[in-house]
Amino acid sequence: MNAQDEESFRRFVENRSTVLLRCAVLLSGGDRHAAEDLLQNALIKAAGRWRRIDDPEAYVRRILYRQQISRWRLKWPRRELTVAEPPDQRSTGDAATAAELRLLLRDALSRLTPRQRTVLVLRYFEDLPEGEVARVLGCSVGTVRSTTHRSLARLRAYSPELASLAVDRAPLEVCQ
C-alpha cells in the first residue's frame, strides 16, 4: 500500500468506523467486544485490497455480514452474554427511557439466533430491500420474508414493550 492509499484508508476508518461498529454491534447481538473483533477483521481484509475497492463502505459491510454468517455456522457453541438485572424502579425522562429501550432491544436481539438477528439488522438498520438481503445472505427472498416475520414475532414475545414501537417506527430505529 503506497502512502496515498494508506492516507485514504486512514481517513475512511476515521470517518466511518463509528457507523460500521454500530452495525457490527447489532450483528453480534450487542456484544461490543465481538463487534470490535468483527470490525477489525473486516478492516484488515479491506486494507489488503484497498486499491481495488470501488465502494469501501459497501465492501466492508459485506465482509461484516459474511464474517458474521461464518461465525454462526461454527459447530461449537458461542459464549452467552450475561447482563445485570434491570433495577426495580423505572427512571424518568426521555434520555432514560431511550436508554431503557436500547437495553431492551439489545437483550431481545441477543436472544435471537444469529441468522434472525442478521436479517433484522440488514432489513431495518441497514434498510436494505428483501432482494438485496437475500443476495447478501445467499438465500431466497421467501426465506428473508419468513425469517423476518419469525424474528419480529420472537422480538415481540421477548420484549412486549417493543411491540408498541413497531407501530410508529422500525424495530431497530431506537438504536440509531
Legend entry - Cross-chain or 6+ apart pairs with Cβ under 6 Å, the stretch 149-176 first and modelled with pLDDT of 60 or more, then among the polar types (S, T, N, Q) and open to solvent by less than 30 Å² (accessible area, probe 1.4 Å): S151/Q116
Legend entry - Answer from A3, A108, A84 - the residue that is open to solvent by 40 Å² or more (accessible area, probe 1.4 Å), of a type in the set (A, V, I, L, M) and modelled with pLDDT under 85: A84
Inset, instruction - Select, from A58, A46, A42, the only residue that is in contact with a Leu (Cβ under 6 Å, 6 or more places away or on another chain) and closer than 21 Å to G138 by Cβ. - result: A42
Inset, instruction - Test L39 against the stated conditions and say whether it is modelled with pLDDT of 90 or more and over 13 Å from F9 (Cα atoms). - result: yes
Legend entry - Selection within the stretch 111-125 - modelled with pLDDT of 85 or more and open to solvent by less than 40 Å² (accessible area, probe 1.4 Å): L112, P114, Q116, R117, T118, V119, L120, V121, L122
Inset, instruction - Test each condition in (1) assigned to a helix (DSSP H, G or I); (2) within 22 Å of E132 (Cα to Cα) for K45 and report the one that comes out false. - result: (2)
Inset, instruction - List every residue pair whose Cβ atoms sit under 6 Å apart, with the two residues 6 or more apart in sequence or on different chains, where the first one lies in the stretch 122-133 and is closer than 11 Å to Y65 by Cβ and the second, anywhere, is open to solvent by less than 50 Å² (accessible area, probe 1.4 Å) and part of a loop (DSSP other than H, G, I, E, B). - result: L122/L128
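The values are calculated or read from the model by the stated rules, or taken from the named source; none is laboratory data. Remember, predicted model here, so these are calculated numbers, not experimental data. All Cβ positions, even for glycine, are placed from backbone atoms using ideal geometry, and neighbour counts span all protein chains on display. Only protein heavy atoms, including side chains, enter the accessible area calculation; ligands, DNA and RNA are left aside. Shrake-Rupley method; radii C 1.70, N 1.55, O 1.52, S 1.80 Å.
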